[in-house]
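The structure appears right after this line, and notes come after that.
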Amino acid sequence: MPDPVIFESMSARFSLPFLFVGQSQKEDFVNEALSMIDGLVHCAIEDERSTPPTAPVDGQSWMIGLSPTGEWVGQDGKIAIRQLGQWLFANARDGMQVLNKATGQRISRAGGAWHAPAVPAAPTGGTVIDTEARSALAALVSALRAAGVLPA
């Protein structure tokens, strides 16, 4: 007979709590998992910072920067989700995409780091000025900003 499947107490990717047979107060674990999912599905962060906001609103999420302070100490690089007057912290995983509401830019996580494309420098100088090419490049940069690929 094969060995029985043994479950961990939390999910591998986002540490969502699992329920067990006969577990008391299951609603606490279910509500915590639902709150984490609510903050991570189609995630939109207010911005990146290392200090918790002074008046956070339930439903807001923040990307925690380096050397966080206050209630965020020890949560470097995680996503802080405000739910029911308290902070939940989610591990950032490769493949995640978030919208930074402060910049209007979508950023993605790969190789253990967040990546956001920078705005290319506008062409300047040279002996021949091609206004059509510069106009096309400006339109391209404008379109990438509107699509959230480049910061506003």
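Every number in this text was worked out from the coordinates using simple rules, so none of it is lab data. Remember, predicted model here, so these are calculated numbers, not experimental data. Here the Cβ is made from the backbone with ideal geometry for all residues, glycine too, and neighbour counts use every protein chain on show.
Table for the structure above
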read-out	value
Inter-label distance, nm, simple model (7 Å from Cα along the C-beta direction), Asp28/Ala152	4.2
Alpha-carbon radius of gyration plus Dmax, which is the widest Cα pair, for the range 63-152 in Å	18.4, 62
Electrostatic dipole magnitude of the range 42-115 [Cβ: Lys, Arg +1; Asp, Glu -1; Cα centre; debye, to 20]	160
Net lengthening on full extension, Ala110/Glu132 (0.36 nm per residue, minus Cα-Cα)	4.3 nm
